[in-house]
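Before any comments, here is the structure.
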Amino acid sequence: MTDDGVVVHEAIRAAWDSYRVLEKRTSTQERRQAQQRVQVAADAYGPEEVSRGTVFLVGVLTGYLLVEQEGRKDRLDPLSDLIPAVIRKLPTFEMADPVQVPMATGVLMAAAMGMDTVAWRDQFGPIPPKEALVHSFVLWLLADLFDSMADRPGTIDQLMREAFDSMTAEPS
């Protein structure tokens with residue numbers, strides 16, 4: 001685990017790959033490749049670092065959703081619209097442990113308040129596997145919301161993959 005909310009790049013990429021595994025539009029071959037990248041990152045950096053990557057991406061997507069809506073009349077209010085919309089849909093995932101919902105809600109609240117979600121979550125100790133799974137579901141729900149608002153399925157996946165590709169192409 002790194003300090004001060006910093007997450008290993010490969011763990012963030014693996015966290016997005018976890019989203020791609022959940023996403024129905026992901027082809028079988030791409031899903032298999034995504035699962036392999038998640039496993040490689042978990043083996044190299046630990047499953048908790050991948051979970052921290054998911055918490056990071058929850059913050060990124062929440063912030064992006066809120067910024068994209070600035071100036072719109074039908075803007076989502078983070079406290080009365082965005083967070084409840086996401087949290088209410090968590091029970092649709094059979095594997096989502098309701099006991100983990102308060103921490104997922106806290107991460108969303110931290111993101112809505114402009115806080116570093118990873119640093120906020122890190123103060124509570126290691127992320128247990130059941131909680132990590134709920135954060136993955138939250139990430140999927142945020143991505144789905146983003147695509148719905150863009151009125152184009154796969155929009156956020158394309159944007160994220162382009163961002164990862166550009167990061168990989170940059171010299172170190």
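The values are calculated or read from the model by the stated rules, or taken from the named source; none is laboratory data. All figures in this text were calculated on a predicted structure; none of them were measured in a lab. Here Cβ is always computed from backbone atoms with ideal geometry, including for glycine, and neighbour counts include all displayed protein chains. Accessible surface areas use protein heavy atoms only, side chains included; no ligands, DNA or RNA. Shrake-Rupley method; radii C 1.70, N 1.55, O 1.52, S 1.80 Å.
Accessible area, 1.4 Å probe, largest first: how do Phe56, Phe146, Phe124 sort?
Highest to lowest solvent-accessible surface, that is Phe124, Phe56, Phe146.
For the range 24-172, give the percent of accessible area contributed by carbon and sulfur heavy atoms, probe 1.4 Å, rounded to a whole number.
Solvent-exposed carbon and sulfur of the range 24-172 make up 57 percent of the total.
Would you report the distance distribution of C-alpha pairs in the range 74-172 as whole percents per 5 angstrom bin, up to the bin with the largest distance?
2, 12, 19, 19, 21, 16, 8, 3, 1
Select from Leu65, Gln123, Pro84 the residue farthest towards the positive end of the dipole of the range 58-170; place +1 on Cβ of Lys and Arg, -1 on Cβ of Asp and Glu, and compute about the Cα centre.
Pro84
Accessible area per residue, 1.4 Å probe, Å², for the chain: what's the number?
54
If you take the C-alpha gyration tensor of the range 14-109, multiply each eigenvalue by 5 and take the square root, what semi-axes do you get, largest first, in whole Å?
After scaling each eigenvalue by five and taking roots: 27, 16, 14 Å.
Which percent of Cα-Cα pairs in the chain sits in each 5 Å bin, short to long?
All Cα pairs, binned at 5 Å, distribute as 1, 9, 18, 22, 23, 16, 8, 3, 1, 0 percent.
Dividing the alpha-carbon Rg of the range 117-172 by 2.2 N^0.38 Å yields what?
Computed over Cα atoms of the range 117-172, the ratio equals 1.45.
For Val99 and Gln29 in one chain, what is 0.36 nm times their gap in residues minus the Cα-Cα distance, to one decimal in nm?
Answer, rounded to one decimal: 21.8 nm.
Place the peptides 91-98, 60-67 in order of packing, highest mean first, counting for every residue the other Cβ atoms within 10 Å and averaging per peptide.
Result, highest mean first: 60-67, 91-98.
Could you tell me what a quarter of the Cα convex hull surface of the range 93-147 works out to, in nm² with one decimal place?
If you wrap the Cα atoms of the range 93-147 in a convex hull and average its projections, you get 3.9 nm².
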